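Chemist: Below is the structure I would like to discuss, written out as structure tokens.
The values are calculated or read from the model by the stated rules, or taken from the named source; none is laboratory data. Since this is a predicted model, take the numbers as computed values, not measurements. Cβ coordinates were reconstructed from backbone atoms using ideal geometry, including for glycine residues, and neighbour counts include every protein chain displayed.
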Amino acid sequence: MLFALPTFATDPAPAAYLVSYTLIKSHTKKTISALWKKNSVPKIALGVKNAVDIYEVIYKVQWIDGTWRNASGIYYVPKVKKPVPYMMFGHGTQIHKGRTITDDDSQQFICLAHATDGYATMYPDYYGIGKGEGQHLYQHAWSEAHAFIYFLMAVDELNKKLELEPSGQLFLTGYSQGGHASFAAHKYLEELNDPRFQVTASSPMSGAYDMTGEQEKYMFQEYPKPFYLPYLLLSYQTAYDIVDTDNPYEVFKTPFDTLFPAFFEGNDSRTFGELDKLLPSVPMKVVEQKFIDEYQSDKDHPFKVRLRENNLTNWKPKAPVQLCYCKGDREVSYKNSEVAYEKMTALGVDQIKLNNLSDHLDHNTCAGFAVLASKYYFDRFKKHGKNPKMKEMPPFKRWIRKMIMKKVEKEYMAGGSDHSYL
């Protein structure tokens, strides 16, 4: 057994983790440049250096009961002849299973941007999303991490077929839920300590690492994404049986007990934006008062215990970490990053830095700046080895970022919407 698993009988590991791979699209430098132009992306910020092949990969993962099932992901392969570093990107929250491979998706765009710059880039769908089997477990560190780990194992097999040689560097990042997922992957990869997959550095972005602390507070006040709580409750019920019931929806008030199945069971297209429009702005108002009282009065309530287990604030990363966030974030409190930093430095972690990108920008407006900060952070390691001096980006790029930041902040603070600029 390679790493800690839940206490169930386990099936033998598969003979191969790679199930299938399909070439979906081949980008040339010319087509990537045209895409950059279409999206007004300056090449000085994100250069176009290599053609990229995009594969859909199906691979084996171990479920929480020890059985094996399929998961899926996208693999962006730079067309180079030299050894390449790995970059893994964890995507943000979605409640629907469906996922297409498209140049119009901002998060896939991020992966393509890294790949054309020479990173072999992996985009795991997580368990139960995309073409993965079963149910997705939201903010569940173990399954998030293993979606990354088994993808790495499958890619290790695939690279032999593609004749692609890894350099030995591995970078982890992701935004929102992807921040939590990539940080969980960092933790479990260091516990695994496989010589093939040693973390070089991670840069989790705007993740809810402190779910029983700073993020929990949002559940009892007006909150722009109230779907978060029922998604979490139902996921943890599947993973841990936190409520003694055959019907997990009975913890929700009417009409939510009958509304939620259409969004959380077999949902291939309905989004959390659609669901949020149907919910009260205070998340706890969808939950039966009896359950709330039990949760608040019992410090060892099963839900609280399991949330603590999935916090990512109280461990000691060995590889360097950058925590990116914006202080204006109303969806994932920036204090999640500060708590993680404070607890880790108290444990003696010294290769960790906080990077507040803006005092004003909200969750989505922050994303593009966090992504660029993460890439520049990784680029230093890629170019200068495992322990580069922690210098800022080149002065001219820093000046450009500052000018764009001022413009975006001004637009947002003048009443603009909270949307991503990537």
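Chemist: How many residues are surrounded by fewer than 16 Cβ atoms within 10 Å (Cβ to Cβ), over 18 Å from E222 (Cα atoms) and touching a residue at least 40 places away in the same chain (Cβ under 8 Å) if we restrict to segment 281-300?
Modeler: The number of residues fulfilling the criteria is 0.
Chemist: Looking only at segment 183-235, which residues are of a type in the set (D, E) and either under 23 Å from H146 (Cα atoms) or not in a helix (DSSP H, G or I) (or both)?
Modeler: E190, E191, D194, D210, E222
Chemist: Here is a check on your reading of the model: is H114 assigned to a loop (DSSP other than H, G, I, E, B) and surrounded by 24 or more Cβ atoms within 10 Å (Cβ to Cβ)?
Modeler: For H114, the condition - assigned to a loop (DSSP other than H, G, I, E, B) and surrounded by 24 or more Cβ atoms within 10 Å (Cβ to Cβ) - is not met.
Chemist: Applying the selection to segment 101-111, what residues are crowded, with 19+ Cβ neighbours inside 10 Å and without any contact (Cβ under 8 Å) to a residue 60 or more places away in the chain?
Modeler: Of everything in segment 101-111, those that are crowded, with 19+ Cβ neighbours inside 10 Å and without any contact (Cβ under 8 Å) to a residue 60 or more places away in the chain turn out to be Q108, C111.
Chemist: Turning to a different aspect of this structure: Working carefully through the options Y127, Y119, find the one that is under 13 Å from the mean Cα position of the chain (by Cα) and aromatic (F, W, Y).
Modeler: Y127
Chemist: What residue, of E288, E250, E222, E274, is within 25 Å of S333 (Cβ to Cβ), of a type in the set (D, E), over 24 Å from the mean Cα position of the chain (by Cα) and assigned by TED's automatic domain parsing to the domain that holds K304?
Modeler: The match here is E222.
Chemist: Looking at segment 352-360, is at least one residue surrounded by fewer than 19 Cβ atoms within 10 Å (Cβ to Cβ), free of Cβ contacts under 8 Å to residues at least 24 places away in the same chain and over 30 Å from I242 (Cα atoms)?
Modeler: No, that holds for no residue.
Chemist: I'd like the full set of residues that are of a type in the set (D, E, K, R) and part of a loop (DSSP other than H, G, I, E, B), limited to segment 307-321.
Modeler: Once the filter is applied, which keeps residues that are of a type in the set (D, E, K, R) and part of a loop (DSSP other than H, G, I, E, B), segment 307-321 yields K316, K318.
Chemist: Scan segment 12-41 for residues that are out of contact with any helix residue (DSSP H, G or I) (no Cβ under 8 Å at 6 or more places or on another chain), more than 18 Å from D105 (Cβ to Cβ) and surrounded by 15 or more Cβ atoms within 10 Å (Cβ to Cβ) and jot them down.
Modeler: Within segment 12-41, P14, S33 qualify.
Chemist: Is it the case, given these coordinates, that Y412 is under 21 Å from the mean Cα position of the chain (by Cα), part of a helix (DSSP H, G or I), of a type outside the set (D, E, K, R) and buried (at least 18 other Cβ atoms within 10 Å of the Cβ)?
Modeler: Criteria not met by Y412.
Chemist: Report the residue count in segment 345-383 for those that are in a helix (DSSP H, G or I), in contact with a helix residue (DSSP H, G or I) (Cβ under 9 Å, 6 or more places away or on another chain) and farther than 25 Å from S167 by Cβ.
Modeler: Summing the residues that are in a helix (DSSP H, G or I), in contact with a helix residue (DSSP H, G or I) (Cβ under 9 Å, 6 or more places away or on another chain) and farther than 25 Å from S167 by Cβ in segment 345-383 gives 4.
Chemist: Another one. Counting only residues that are surrounded by fewer than 22 Cβ atoms within 10 Å (Cβ to Cβ), not aromatic (F, W, Y) and not in a loop (DSSP other than H, G, I, E, B), how many does segment 322-343 have?
Modeler: Of the residues in that region, 5 qualify.
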